[in-house]
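Let me begin by presenting the structure, written as structure tokens, before commenting on it.
The values are calculated or read from the model by the stated rules, or taken from the named source; none is laboratory data. Note that the structure is predicted; figures quoted are calculated from it, not measured. Every residue, glycine among them, receives a Cβ derived from its backbone with ideal geometry; neighbour counts consider all protein chains shown.
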């Protein structure tokens with residue numbers, strides 16, 4: 001699908017069919033994340049892919065404990081995005097410029113994954129509200145690591161919605177602020 005159409009149809013899906021996700025589609029999504037750009041080619045990410053029903057229930061419990069994200073119980077796959085250490089060059093640049101390059105890097109990798117999923121007819125929802133300690137414990141993620149995001153993945157069971165966005169003229173200017 002052409003990129004403009006793909007970007008326009010990607011949405012946060014909160015209703016999934018009980019159909020499992022084929023492994024080849026899952027691998028294609030991970031490959032798309034893998035080739036995302038990162039500061040100094042640091043690639044500060046690891047994706048823990050969960051399709052085990054018992055673990056999925058535990059992750060959904062962790063995501064819903066805040067009263068949100070109840071749709072996580074329907075997802076046939078949940079991906080935990082683990083923040084890994086940046087390489088030395090990226091870490092120094094991040095400190096010198098007072099910019100968290102690792103979070104920008106994660107954002108690009110996650111968006112690549114989600115766009116690839118949309119292109120394959122899959123839906124995703126990126127979640128930031130969840131019990132991180134519970135997720136880390138369930139997945140055996142070391143205490144020294146952070147899990148900034150969870151991504152639900154599956155076949156959506158709702159139509160694509162019209163996007164409500166600010167008018168183009170409100171989000172950019174030319175040559176000066």
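Brief remarks on what is shown
- Among the residues making up segment 127-147, a single one is under 17 Å from residue 51 (Cα atoms), without any contact (Cβ under 8 Å) to a residue 40 or more places away in the chain and part of a loop (DSSP other than H, G, I, E, B): 140.
- Look at (1) farther than 21 Å from residue 23 by Cβ; (2) surrounded by fewer than 20 Cβ atoms within 10 Å (Cβ to Cβ); (3) in contact with a strand residue (DSSP E or B) (Cβ under 8 Å, 6 or more places away or on another chain) and you find that residue 74 fails only one, number (1).
- Of the criteria (1) surrounded by 16 or more Cβ atoms within 10 Å (Cβ to Cβ); (2) touching a strand residue (DSSP E or B) at 6+ places or on another chain (Cβ under 8 Å), which one residue 157 fails: (1)
- Residue in segment 92-106 that is in a helix (DSSP H, G or I), under 10 Å from the mean Cα position of the chain (by Cα) and modelled with pLDDT of 95 or more present: yes
- Residue check for residue 30: part of a helix (DSSP H, G or I), buried (at least 18 other Cβ atoms within 10 Å of the Cβ) and out of contact with any helix residue (DSSP H, G or I) (no Cβ under 6 Å at 6 or more places or on another chain): no
- So residue 105, is it in contact with a helix residue (DSSP H, G or I) (Cβ under 9 Å, 6 or more places away or on another chain) and either closer than 14 Å to residue 150 by Cα or loosely packed, with under 13 Cβ neighbours inside 10 Å (or both): no
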